C-alpha cells in the first residue's frame, strides 16, 4: 500500500472514531476507487497512481457541482464542492503559473509549435501536480492561439 493510501486509511479510521459520517463516506468512497484501480492495473499502486485517482474523484465532484448548479440544486452543489476541497489537501503542491510558463517556453523553443506537442512535452514533467486545463490555458497564451 502506498504511503498516501495508508494516510487516507488512517484518516478514515480517525473519522470513524469521531463519528464524522460525511468524512467517513468521502474517504471510504475514495479508498474504494483506489482499490478498484489497483485491481484494474493488477499491481500495487504508487503514490503517483493514488494522486491520479484522487484527481479523478475531484474532477467528478466538480462536474457534479456544475450540473447541480445548472439544475438550481445549490445545496447539493455546495456538498460536492466541499468534498472536492476536502480531497485537494491530499494532492501535492501545484507548480506556479510561472514555472509552467517557463516549461512551455522551453518546449516551444525546442520545436513544439502545436498545442498537443507542447502539452505532450510539458505534462510528464509535472505529472500528478498540474491540472491539464491550467497547462492548456498557459500553452495557448504562449502559442498565441485561442480556444
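None of the figures in this text is laboratory data; all of them are computed from the coordinates on show. Since the structure is predicted, the reported quantities are computational estimates derived from the model, not experimental observations. Cβ atoms come from the backbone with ideal geometry, glycine included; neighbour counts cover every protein chain shown.
So for the range 3-88, considering every pair of alpha-carbon atoms, how many percent are separated by more than 23 Å?
For the range 3-88, the fraction of Cα-Cα distances above 23 Å is 27 percent.
Defining a contact as two alpha carbons under 8 Å apart and six or more residues distant in sequence, what relative contact order in percent does the range 3-88 show?
Relative contact order of the range 3-88: 24 percent.
How would 14, 70 line up from fewest to most surrounding beta-carbon atoms within 10 angstrom?
Final ranking by Cβ density, sparse to dense: 70, 14.
Expressed as cubic angstrom per residue, what is the convex hull volume of the alpha carbon set of the chain?
Dividing the Cα hull volume of the chain by its residue count gives 133 Å³.
Using only alpha carbon pairs under 8 Å that are at least six residues apart, calculate the relative contact order of the range 30-128 and give it in whole percent.
23
With equal scatterers on the alpha carbons only and no solvent term, can you work out the Debye log10 of I(q)/I(0) for the range 76-147 at 0.20 1/Å?
Debye intensities relative to I(0), on a log10 scale: -0.79.
By how many degrees, 0 to 90 and rounded to 10, does the Cα axis of helix 97-109 deviate from the longest principal axis of the chain?
40
Please give the calculated 222 nm ellipticity per residue for the chain, where each DSSP H segment of at least 4 residues contributes -39500 (n - 2.57) and the sum is spread over every residue; nearest 500 deg cm²/dmol?
Rounded to the nearest 500, it is -24000 deg cm²/dmol.
What is the angle, in °, between the Cα long axis of helix 132-143 and the longest principal axis of the Cα atoms in the chain? Nearest 10 is fine, range 0 to 90.
Between the helix axis and the principal axis of the chain, the angle is about 10 degrees.
Ranked from highest to lowest mean number of other Cβ atoms within 10 Å per residue, what is the order of the peptides 18-26, 114-122?
Going from most to least packed, we get 114-122, 18-26.
Taking only C-alpha pairs under 8 Å that are 6+ residues apart, what is the relative contact order of the range 97-143 in percent?
52
Against the longest principal axis of the chain, how steep is helix 74-88, in degrees 0 to 90 to the nearest 10, with axes from Cα atoms?
It works out to around 80 degrees.
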